[in-house]
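Trainee: Input: one structure, supplied below.
The values are calculated or read from the model by the stated rules, or taken from the named source; none is laboratory data. None of these values were measured; they are calculated from a predicted model. Using ideal geometry, Cβ is built from the backbone for each residue, glycine included, and neighbour counts are taken over all protein chains shown. Accessible surface is based on the protein model in full, side chains and every heavy atom, while ligands, DNA and RNA are left aside. Shrake-Rupley method; radii C 1.70, N 1.55, O 1.52, S 1.80 Å.
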Amino acid sequence: MSWPWTSDGVWWIALLVQLLAIPGSFLPLLPGLIWLPVGSLVWMAAVGWAQAWPEFVLALVLFGLGLIADLLALGLASARLKASRWSAAGVGVGLLVGVLGLLPALPFGGPLLGALFGPWLGATLVETWVTTKPPRNLGWLEALRQGSVVGLAVVAGLLISRLAQLLLAVLGVAAFVALSSF
């Protein structure tokens with residue numbers, strides 16, 4: 001079965017698919033680096049494995065590095081402060097509430113402000129609640145302090161991870177253009 005489009009047209013489609021990785025890498029709730037291998041697969045369908053394997057392998061490597069960046073940035077921030085395993089759940093719920101909930105109704109900032117304050121608020125509340133329970137049994141004021149520090153660390157890790165994802169997305173698109181143009 002032959003591909004119905006010219007390779008030039010498919011190259012532009014593959015490039016557009018890969019360009020979706022850039023906004024997806026820094027906007028929460030959107031897929032990010034997964035668009036790099038998907039775009040490479042589109043290109044590979046048009047020109048074949050023999051010609052497109054370098055683009056595809058590089059896209060998979062960059063996607064894997066993005067996953068590692070996520071795990072390291074958030075995991076190290078939480079582990080360094082001895083955060084509970086529930087703080088990640090608080091970040092997720094806080095991100096959803098921040099982006100989709102009440103914070104987008106603000107007159108300025110909207111979802112971007114919600115993407116920053118939602119995870120912090122979620123991690124802070126969950127960590128405060130968890131640290132008042134046994135075995136830690138901290139008082140409310142100390143638990144709130146610990147929770148807000150963990151929340152700040154998790155948001156800092158999230159920002160570092162997003163920056164790494166953005167750099168990997170730009171690198172992936174540039175590498176696709178460079179490798180597939182020759």
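Trainee: Only helices at least 24 Å long along their axis, Cα-based, and averaging 0.5 or more on Kyte-Doolittle count here, so list those DSSP H runs from the chain. Before the final figure, lay out the partial values.
Mentor: Working: long enough: 49-80 (46 Å, 1.40); 110-131 (30 Å, 0.98); 140-180 (58 Å, 1.67).
Span-like helices in the chain: 49-80, 110-131, 140-180.
Trainee: Taking percent of Cα pairs over 20 Å apart as the quantity of interest, determine which of (i) 63; (ii) 67; (iii) 60 was computed from the displayed structure.
Mentor: Correct label, based on the coordinates given: (iii).
Trainee: Follow-up. Given Cβ point charges of +1 (Lys, Arg) and -1 (Asp, Glu) and nothing else, what value in debye, to the nearest 20, does the dipole of the chain about its Cα centre take?
Mentor: With Lys and Arg at +1 and Asp and Glu at -1, about 680 debye.
Trainee: Tell me the net charge near G92. Cut-off is 13 Å between Cβ atoms, G92 excluded, with +1 for each Lys or Arg and -1 for each Asp or Glu. Show your work: numbers first, answer last.
Mentor: Numbers: positive: R85; negative: D70.
Surrounding charge for G92 is 0.
Trainee: A174 to T6: extension gain in nm, 0.36 nm per residue of separation minus the Cα-Cα distance? Mind showing how you got there, number by number?
Mentor: Values: separation 168, 0.36 × 168 = 60.48 nm, distance 2.18 nm.
Extending this stretch completely gives an extra 58.3 nm.
Trainee: Let me check something: with ligands and nucleic acids excluded, how do F26, F56, F176 order by accessible area (1.4 Å probe), largest to smallest?
Mentor: Sorted by accessible area, descending: F26, F56, F176.
Trainee: Also, quick follow-up: Which of S87, L72, S7 sits farthest toward the positive end of the charge dipole of the chain, with +1 on the Cβ of Lys and Arg and -1 on the Cβ of Asp and Glu?
Mentor: The Cα lying farthest towards the positive end belongs to S87.
Trainee: Now for a different question. Between beta-carbons, use under 13 Å as the cut-off and find the net charge around W43, counting Lys and Arg +1, Asp and Glu -1.
Mentor: Cβ neighbours under 13 Å give a net charge of -2.
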